[in-house]
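So the structure is just underneath, and the comments pick up after that.
The values are calculated or read from the model by the stated rules, or taken from the named source; none is laboratory data. All values reported here derive from a predicted model rather than from experimental measurement. All Cβ positions, glycine included, derive from the backbone under ideal geometry; neighbour counts span all protein chains shown. SASA here: full protein model, heavy atoms, side chains in, ligands and nucleic acids out. Shrake-Rupley method; radii C 1.70, N 1.55, O 1.52, S 1.80 Å.
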Amino acid sequence: MFIQVAELRKSYPSGNTRTDVLKGISMSLEQGEIGVILGPSGSGKSTLLHILGGLDGGDSGEVRVDGVDISRLHDQQLAGYRRERIGYVFQFYNLIPNLTVGENVEVATYISKSPLALDRVLEAVGLLDKKNRFPTELSGGEQQRVAIARAVVKNPRLLLCDEPTGALDSATSRDILELLQHVNRTYGTTILIITHNTAISRMAHRVFKMKDGAILEQAVNETVISAERMEWE
Amino acid sequence: MGMILDRRIKRTFAANKAPYISSFILIMASCLLFTTFLLLTGNMKALSDSFKHDYALEDAHFTTDKKLDGLSEWESAYRIRIEESAYFDEEIQHGPVLRVFAESESLNRYAVREGRRLSGGDIVINPTFAKANQIRIGDSIRIKDVSFKVSGLISLPNYIYPLKKESDLLIDENNFGFAVIGKEDYARFPSGTHDYSVRGAGSESETDRNLAHFKSALKDRNIAILQWTDVADNPRVTRVAAEIAGIETVGSIIPIAILLLTSVLTGTVLWRMLQREAGMMGTLYAIGYTKSELTRHYLKYPILLSLSASVIGTLLGMAALRPMLVTMTANYNMPLDGMNYKVSILLASVMMPLILLTATGYTVVRRGLKSTPVELIRGRSGTRRIGWLERRVKLGSLGFATKFKVREQFRSIPRSLFLLLGVALATTLLLFGFTIQSSLDSWMRADSVYKYKHEYIFNSFQQGTAPGDPFSLASFKLKQGEGKSLTVFGINPDTKSIYLEDGKGHAFHYDGVIATKPLANRLRLKPGDSIELEGKTDSRTYTVTVDRIADSYNGEFIYMPLAEFNDMLHYPKDSYLGIWSKDHLDIPEEKLFSALSIEDVQKAYNSFSRRLQVVLGTTSAIAFLIGLTVIFVVTSLIMEENKGTISMMKVLGYNKKEVNRLILNSSAYLVAFGFLLGIPLLFVSLSAMFRLIAQSTDFNMQVQINFVYLLLGFVIVYVMYGSTKLLSRRKIKKIPLGEALKPGLE
């Protein structure tokens with residue numbers, strides 16, 4: 001298994017008590033698959049994503065990604081893990097406003113040992129002609145494409161997407177999901193998406209439903225459909 | 001409405017300490033300097049004017065070759081007051097020289113600073129000399145084997161700046177002072193010199209006319225005036241005004257420069273706050289607050305900041321006045337009869353920052369509130385637009401790190417401008433002292449004109465074989481321009497006592513008329529040009545044709561062959577007034593007007609240099625404070641603006657060093673540019689200052705920027721930068737990864 005999570009627990013202090021955010025989560029995902037975690041706000045899906053991405057640590061349990069037990073890594077090693085293996089796509093893009101499209105993608109190539117060719121990635125996301133534009137000159141969908149290019153250009157083993165279509169309309173969202181699927185097929189990148197939107201689960205190989213810090217249901221999708229055929233709910 | 005919202009102000013100040021405390025310090029420093037300097041110079045001017053008036057400062061002093069008899073007749077004939085101002089120089093304990101005057105009755109009366117007035121057997125001396133030579137009231141001093149008791153410490157209006165020789169640049173309280181003894185006591189010491197002080201009774205022009213007639217009358221009676229100095233040309237009196245004017249200029253320019261810098265800073269900080277709070281402002285609009293209510297609220301930040309800092313700075317300035325005045329009046333030998341806190345200066349000190357910062361604040365706030373409530377709520381005004389410059393700059397071929405750093409500077413032009421000007425100002429101040437020191441050093445070293453060790457000036461014409469190298473000298477007034485004084489020397493054509501050369505390093509022959517470079521520059525002289533001079537001793541006009549220009553900066557002088565000089569002034573043939581010598585000569589004191597050794601000049605320079613170190617240290621400390629504050633604030637602003645970027649970099653896997661390198665090093669180019677900009681600024685300001693000094697003295701210095709000092713300055717600026725980076729690293733470390741996951745673009 002590419003991702004193997006066993007009995008992961010996480011709690012945060014809340015006044016004099018502690019709130020359990022993850023209550024013994026176990027899950028797995030094969031290499032090259034797309035996984036979708038569905039759940040309402042407060043279900044713990046973002047915390048799980050942060051732990052998988054090496055941004056946060058669990059209190060107990062085991063988290064293996066690509067053969068590495070990341071729960072045992074210290075800060076410096078976690079930075080190396082994020083640098084070499086993980087790509088992030090955020091809901092609000094998090095682009096650097098005073099860098100051009102090309103330069104925003106360069107932010108990632110600058111620290112990467114073997115990045116993909118920048119222009120080819122920009123071409124793949126359909127923004128080569130806007131390489132010298134600034135983020136404020138782009139639409140929301142285009143900005144998210146830049147964010148995806150920035151994540152993909154490092155050629156990561158795992159792409160973590162936090163509500164990637166949360167701030168976009170349905171047509172643009174479909175474009176973005178198509179692009180993610182294209183990345184998955186072209187580069188063999190394993191992708192894990194967290195979302196409220198159940199429609200997205202139809203393009204995933206595995207679907208995890210979370211509520212109140214626990215996985216209620218996980219299923220293998222035998223009939224993965226192309227993002228362009230998805231019906232928006 | 002204001003009440004509730006205004007509760008935030010204290011909290012906002014507390015949450016963003018760095019920029020607000022820095023603004024506070026800068027405004028306070030600016031007001032402190034402004035108040036102190038301007039109150040000080042105002043008080044000094046008033047003290048100096050009243051001292052000169054109350055103690056009957058002379059209009060001129062002069063030396064004749066014969067005694068003037070029947071002074072009262074001269075006085076009534078020319079409506080002037082004349083008083084003998086006899087003095088002699090006495091070495092005290094085989095070391096420092098004390099100039100001893102006879103007590104005067106009507107002109108140049110002494111003012112008692114401490115102790116009591118003279119009675120028989122007493123002596124009163126100047127306080128700085130007493131302090132430097134550990135002489136106290138009640139001590140005894142031996143003058144020409146007669147013991148005198150020190151009864152008091154005094155000032156003289158004609159020795160406010162106690163130079164030994166009028167042509168001296170620097171005072172040296174360790175080696176020169178003045179004293180007064182009673183007339184009867186003085187009569188015991190015979191003197192061959194005939195010195196007089198004179199003061200006109202009428203208006204300035206009337207006095208000028210009367211004095212010119214008086215000089216002619218003396219000449220008609222065959223009495224030669226060997227030396228004549230108008231009070232306007234007497235550096236012992238005028239230097240104080242020149243230096244006060246210098247302090248006044250510096251005292252106005254530096255605080256205003258700091259204030260402008262602070263306005264840019266406050267404007268930037270306020271703009272950042274408005275961007276951050278766009279959503280909140282939109283919400284308040286939606287609730288029903290008006291634009292003017294919000295404007296009033298946000299204006300309270302610059303108003304509170306500038307008012308509190310300027311009031312404290314002004315109060316500190318007022319508190320600093322007394323110790324400063326005590327020091328200054330001690331240096332300048334003036335009595336401290338009172339202090340005046342001029343209300344207009346205090347008001348200006350408080351109001352200037354208030355007006356400037358409020359105006360800046362108003363401009364920024366009105367711009368920030370231009371967007372509609374919906375735009376503000378959506379945070380559109382918080383999403384900054386890309387500026388014209390950012391859009392135009394092409395960085396395609398540069399490496400990513402360089403591109404990132406350059407873009408960071410274009411991101412906020414006011415912020416970059418603040419850094420650039422701040423570092424330039426700090427550099428100018430930092431190098432100011434260093435450069436004055438190196439210019440002086442170089443002036444002293446290059447002062448290779450004088451090859452003699454001793455100079456003796458007689459109190460009457462000498463003839464026959466000289467015991468050294470004979471020369472003569474006379475004071476003139478330039479007929480051109482503002483009538484500046486200059487000295488013309490008559491020198492032996494074969495002299496080896498001075499060395500003058502052309503711009504190519506070729507030594508001159510002294511068989512023609514030579515003008516020094518500063519004089520040639522002032523009058524735009526070239527060889528063959530003529531200049532008109534008015535004799536100080538006879539008020540007659542002379543025309544001199546310059547043959548050569550000497551590449552020498554020792555002062556504004558003309559040198560001509562002694563025979564030609566005597567002929568021009570109708571002085572006795574083959575006569576001379578002075579001797580230059582390599583060895584000490586035993587010339588009877590009663591024959592001498594003055595004696596000087598080059599060693600004394602060196603001593604005065606060393607003493608001045610030590611005092612300069614203190615000024616240099618203070619200026620450097622202020623420069624360091626400004627530089628550090630500016631760099632620290634800019635670094636804090638950069639980190640504040642880049643919180644999201646820093647966090648995102650951490651998420652992407654940047655390690656600490658990489659983040660620090662990109663964010664903290666982004667200002668390195670600008671710091672270097674600021675330093676480079678500071679150098680021409682320094683050059684221009686120092687050149688202007690030296691020109692001002694040259695106008696009122698014979699002291700012509702060239703700005704010499706020493707490479708070692710430049711390097712030292714650069715190192716100091718980078719130490720400021722480095723220490724700020726060290727401080728900021730901790731802050732970068734504290735920025736959480738989660739910052740990148742928050743909604744929003746910036």
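Yes or no: A:S14 within 14 Å of another protein chain (Cβ to nearest Cβ) and modelled with pLDDT under 90?
Details: within 14 Å of another protein chain (Cβ to nearest Cβ): no; modelled with pLDDT under 90: yes.
Answer is no for this residue.
For the range B:99-130, which residues satisfy the criterion of being acidic (D, E), open to solvent by 30 Å² or more (accessible area, probe 1.4 Å) and outside any loop (DSSP other than H, G, I, E, B)?
B:E114
Only one of B:S460, B:S475, B:S416, B:S442 is more than 26 Å from the chain's Cα centre (by Cα), hydroxyl-bearing (S, T, Y) and assigned to a helix (DSSP H, G or I); which? Don't jump to the end; show me each part of the working.
Numbers: B:S460 fails: assigned to a helix (DSSP H, G or I); B:S475 fails: assigned to a helix (DSSP H, G or I); B:S442 fails: more than 26 Å from the chain's Cα centre (by Cα).
After ruling out the rest, the residue left standing is B:S416.
Residues of the range B:265-284 being β-branched (V, I, T) and surrounded by fewer than 20 Cβ atoms within 10 Å (Cβ to Cβ), which ones? Break it down into steps so the answer makes sense when it comes.
Filtering the range B:265-284 down to residues β-branched (V, I, T) leaves B:266, B:268-269, B:283.
Once the filter is applied, which keeps residues that are β-branched (V, I, T) and surrounded by fewer than 20 Cβ atoms within 10 Å (Cβ to Cβ), the range B:265-284 yields only B:T283.
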Checklist entry - Would you pick out the residues in the range A:42-62 that are farther than 15 Å from B:G738 by Cβ and free of Cβ contacts under 8 Å to residues at least 60 places away in the same chain? => result A:G58, A:D59, A:S60, A:G61, A:E62
Item to check | Breaking point among (1) facing chain B (nearest Cβ under 10 Å); (2) more than 20 Å from the chain's Cα centre (by Cα); (3) open to solvent by 40 Å² or more (accessible area, probe 1.4 Å), for A:R120 | outcome: (1)
Checklist entry - Of all residues in the range B:15-30, which are in a helix (DSSP H, G or I) and either open to solvent by 30 Å² or more (accessible area, probe 1.4 Å) or within 17 Å of B:A621 (Cα to Cα) (or both)? => result B:A15, B:K17, B:I21, B:S22, B:F24, B:I25, B:L26, B:I27, B:M28, B:A29, B:S30
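Before we move on, is B:F632 of a type in the set (F, W, Y) and either touching a strand residue (DSSP E or B) at 6+ places or on another chain (Cβ under 8 Å) or surrounded by fewer than 20 Cβ atoms within 10 Å (Cβ to Cβ) (or both)? Walk me through how you get there before you give the answer.
Details: of a type in the set (F, W, Y): yes; either touching a strand residue (DSSP E or B) at 6+ places or on another chain (Cβ under 8 Å) or surrounded by fewer than 20 Cβ atoms within 10 Å (Cβ to Cβ) (or both): no.
It is false that B:F632 is of a type in the set (F, W, Y) and either touching a strand residue (DSSP E or B) at 6+ places or on another chain (Cβ under 8 Å) or surrounded by fewer than 20 Cβ atoms within 10 Å (Cβ to Cβ) (or both).
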Checklist entry - If you go through the range B:152-169 one residue at a time, do you hit one that is under 28 Å from B:Q462 (Cβ atoms), surrounded by fewer than 21 Cβ atoms within 10 Å (Cβ to Cβ) and among the basic types (K, R)? => result yes
Checklist entry - Consider A:F90 against the criteria (1) in contact with a Lys or Arg (Cβ under 6 Å, 6 or more places away or on another chain); (2) within 14 Å of another protein chain (Cβ to nearest Cβ): it satisfies all of them except one. Which criterion is unmet? => result (1)
Next on the checklist: Among (1) under 22 Å from A:K209 (Cβ atoms); (2) among the small types (G, A, S); (3) part of a loop (DSSP other than H, G, I, E, B); (4) in contact with a Lys or Arg (Cβ under 6 Å, 6 or more places away or on another chain), there is one condition A:G54 misses while meeting the rest; what is its number?
Outcome noted: (1)
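Given the criterion of a type in the set (A, V, I, L, M, F, W, C) and within 14 Å of another protein chain (Cβ to nearest Cβ), identify the matching residue among A:L49, A:L8, A:L22. Please lay out each step first, then the result.
Numbers: A:L8 fails: within 14 Å of another protein chain (Cβ to nearest Cβ); A:L22 fails: within 14 Å of another protein chain (Cβ to nearest Cβ).
Residue meeting the stated conditions: A:L49.
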Checklist entry - Is it true that B:E599 is over 24 Å from B:L431 (Cα atoms), surrounded by fewer than 19 Cβ atoms within 10 Å (Cβ to Cβ) and at pLDDT below 85? => result yes
Checklist outcome for this item: Filtering the range B:66-96 for residues that are at pLDDT 85 or above, part of a loop (DSSP other than H, G, I, E, B) and open to solvent by 80 Å² or more (accessible area, probe 1.4 Å) leaves a count of 4
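Select from the range B:31-49 the residues that are of a type in the set (G, A, S) and open to solvent by 40 Å² or more (accessible area, probe 1.4 Å) and list them in ascending order. Let's see the steps before the verdict.
We begin by selecting, within the range B:31-49, every residue of a type in the set (G, A, S); these are B:42, B:46, B:48.
Within the range B:31-49, B:A46 is the sole residue that qualifies.
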Next on the checklist: For the range A:83-99, give me each residue that is modelled with pLDDT of 90 or more and either out of contact with any Pro (no Cβ under 7 Å at 6 or more places or on another chain) or open to solvent by 20 Å² or more (accessible area, probe 1.4 Å) (or both).
Outcome noted: A:R85
Checklist entry - Across the range B:354-367, what is the total count of residues that are surrounded by 15 or more Cβ atoms within 10 Å (Cβ to Cβ) and closer than 13 Å to B:V264 by Cβ? => result 5
Checklist entry - Do you know which residues across the range A:31-50 are open to solvent by 40 Å² or more (accessible area, probe 1.4 Å) and small (G, A, S)? => result A:S41, A:G42, A:S46
Next on the checklist: Could you list, ordered by first residue, the pairs with Cβ atoms under 6 Å in which the first is in the range A:123-147 and away from chain B (no Cβ under 14 Å) and the second is outside any helix (DSSP H, G or I) and surrounded by 18 or more Cβ atoms within 10 Å (Cβ to Cβ), at least 6 apart or interchain?
Outcome noted: A:G141/A:L168; A:R145/A:V125; A:R145/A:L127
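For the structure I just gave you, tell me whether A:L180 is part of a helix (DSSP H, G or I) and touching a residue at least 60 places away in the same chain (Cβ under 8 Å).
Details: part of a helix (DSSP H, G or I): yes; touching a residue at least 60 places away in the same chain (Cβ under 8 Å): yes.
Here the answer is yes, as A:L180 does meet what is asked.
In the range B:386-400, what count of residues is obtained for those that are modelled with pLDDT of 85 or more and more than 7 Å from chain A (Cβ to nearest Cβ)? So that I can check it myself, show each step before the final result.
Of the range B:386-400, the ones modelled with pLDDT of 85 or more are B:398-400.
Then keep just the ones that are more than 7 Å from chain A (Cβ to nearest Cβ); that gives B:398-399.
Counting residues in the range B:386-400 that are modelled with pLDDT of 85 or more and more than 7 Å from chain A (Cβ to nearest Cβ) gives 2.
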Item to check | The lone exception for A:L180 - which of (1) farther than 21 Å from A:V5 by Cα; (2) open to solvent by 60 Å² or more (accessible area, probe 1.4 Å); (3) of a type outside the set (S, T, N, Q) it fails | outcome: (2)
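On the given criteria, is A:R72 under 18 Å from the mean Cα position of the chain (by Cα), closer than 30 Å to B:K657 by Cβ, open to solvent by 10 Å² or more (accessible area, probe 1.4 Å) and basic (K, R)? Outline the logic, then answer.
Numbers: under 18 Å from the mean Cα position of the chain (by Cα): no; closer than 30 Å to B:K657 by Cβ: yes; open to solvent by 10 Å² or more (accessible area, probe 1.4 Å): yes; basic (K, R): yes.
Here the answer is no, as A:R72 does not meet what is asked.
Please give the helices (runs of 4 or more DSSP H) falling wholly within the range B:566-672 in which 2 or more residues are closer than 30 Å to A:A151 by Cα and away from chain A (no Cβ under 14 Å). Full working, then the answer.
Numbers: elements: B:598-641, B:643-652, B:656-664.
Filter on the range B:566-672 gives B:598-641.
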Checklist entry - Taking the range B:647-662 on its own, how many of its residues are surrounded by 21 or more Cβ atoms within 10 Å (Cβ to Cβ) and under 46 Å from the mean Cα position of the chain (by Cα)? => result 2
Item to check | Given (1) within 30 Å of A:S114 (Cβ to Cβ); (2) of a type in the set (A, V, I, L, M, F, W, C); (3) at pLDDT below 90, index of the condition A:L160 fails | outcome: (3)
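If a residue has to be open to solvent by 20 Å² or more (accessible area, probe 1.4 Å) and either over 27 Å from the mean Cα position of the chain (by Cα) or closer than 28 Å to B:Q463 by Cα (or both) to count, how many in the range B:490-523 make the cut? Even if it seems obvious, please write down each step before you answer.
Taking the range B:490-523 first, the residues open to solvent by 20 Å² or more (accessible area, probe 1.4 Å) are B:492-494, B:496, B:499, B:501-509, B:511, B:517, B:521-523.
Narrowing further to those that are either over 27 Å from the mean Cα position of the chain (by Cα) or closer than 28 Å to B:Q463 by Cα (or both): B:492-494, B:496, B:499, B:501-509, B:511.
Counting residues in the range B:490-523 that are open to solvent by 20 Å² or more (accessible area, probe 1.4 Å) and either over 27 Å from the mean Cα position of the chain (by Cα) or closer than 28 Å to B:Q463 by Cα (or both) gives 15.
Determine which member of the set A:V63, A:V36, A:V105 is at pLDDT 90 or above, within 12 Å of another protein chain (Cβ to nearest Cβ) and either touching a helix residue (DSSP H, G or I) at 6+ places or on another chain (Cβ under 7 Å) or assigned to a loop (DSSP other than H, G, I, E, B) (or both).
Values: A:V63 fails: within 12 Å of another protein chain (Cβ to nearest Cβ); A:V36 fails: within 12 Å of another protein chain (Cβ to nearest Cβ).
Checking each option against the conditions leaves just A:V105.
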